[in-house]
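Some notes on the structure that comes next.
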Amino acid sequence: TQLLEQSPQFLSIQEGENLTVYCNSSSVFSSLQWYRQEPGEGPVLLVTVVTGGEVKKLKRLTFQFGDARKDSSLHITAAQPGDTGLYLCAGLQGANSKLTFGKGITLSVRP
Amino acid sequence: DTGVSQNPRHKITKRGQNVTFRCDPISEHNRLYWYRQTLGQGPEFLTYFQNEAQLEKSRLLSDRFSAERPKGSFSTLEIQRTEQGDSAMYLCASSLALGQTRNEQFFGPGTRLTVL
């Protein structure tokens with residue numbers, strides 16, 4: 001059983017569309033991080049959310065941490081081909097230092 | 001560029017050979033992590049160091065795997081007697097852990113290992 005479930009697993013949309021993807025768990029996290037990864041490269045950190053209910057914006061990307069700190073969402077406004085990639089969520093639990101990752105969401109934005 | 005660097009970027013080896021990978025973290029970071037990622041999966045934790053001390057090892061890290069960080073700076077990950085199942089992307093990350101809550105980890109480009 002995956003500790004962090006990401007959905008949908010694959011998403012293909014047209015340039016200019018909006019989308020929301022999810023990262024869900026039954027466990028509480030002290031913080032949650034979103035990364036974007038391109039083929040053959042390492043994950044690149046996009047944002048860290050710490051407080052329940054926290055909302056962070058990064059240009060056209062909006063990240064929200066659930067009130068109970070068990071889930072998170074990523075909303076992209078007016079998607080562009082440059083947003084194409086694998087979006088990974090990863091969480092820290094309690095005193096643990098290791099990140100637990102979801103399987104990721106593969107996003108393809110068609111021009 | 002002062003990000004995390006990893007060498008080599010690609011390694012092809014024959015089953016049974018030993019391989020060693022190197023990671024150079026961001027210079028002021030005290031923690032260094034190794035993860036493994038296979039196709040269609042997110043990265044999985046292998047081990048981490050705080051300075052030169054190895055503080056945690058995953059069950060994924062069999063006795064054929066050994067990691068070191070001798071001077072608290074760069075780290076090496078060695079795999080002995082490689083098996084085809086070891087084929088994966090090996091990722092290194094570093095962080096400046098001042099507390100447990102944020103611990104933002106920054107990843108290197110990875111080393112892609114292929115065992116024939």
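Data overview
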| read-out | value |
| --- | --- |
| Meets criteria (within 14 Å of chain B (Cβ to nearest Cβ) and at pLDDT below 95) for residue A:97 | yes |
| Qualifying residue in region A:67-75 (condition: of a type in the set (Gly, Ala, Ser) and outside any loop (DSSP other than H, G, I, E, B)) | yes |
| Complete set of residues in region B:14-29 that are surrounded by fewer than 16 Cβ atoms within 10 Å (Cβ to Cβ) and either outside any strand (DSSP E or B) or aliphatic (A, V, I, L, M) (or both) | B:14, B:15, B:16, B:17, B:18, B:27, B:28 |
| Answer from A:55, A:28, A:109, A:50 - the residue that is β-branched (Val, Ile, Thr) and within 10 Å of chain B (Cβ to nearest Cβ) | A:50 |
| Residue satisfying all of: in region A:17-40; among the β-branched types (Val, Ile, Thr) and out of contact with any Lys or Arg (no Cβ under 8 Å at 6 or more places or on another chain); surrounded by the most Cβ atoms within 10 Å (Cβ to Cβ) among these | A:21 |
| Enumeration of residues in region A:76-104 that are of a type in the set (Gly, Ala, Ser), assigned to a strand (DSSP E or B) and more than 20 Å from residue A:13 (Cβ to Cβ) | A:90, A:91 |
| Test: residue in region B:2-13 that is surrounded by 14 or more Cβ atoms within 10 Å (Cβ to Cβ), more than 28 Å from residue A:87 (Cα to Cα) and modelled with pLDDT of 95 or more | yes |
| Region B:1-53, residues that are among the charged types (D, E, K, R), within 11 Å of chain A (Cβ to nearest Cβ) and farther than 18 Å from residue A:41 by Cβ | B:31 |
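The values are calculated or read from the model by the stated rules, or taken from the named source; none is laboratory data. These numbers were taken from a predicted model, which means no experiment stands behind them. Don't worry about glycine lacking a Cβ; one is built from the backbone with ideal geometry, like all the others, and counts go over all protein chains shown.
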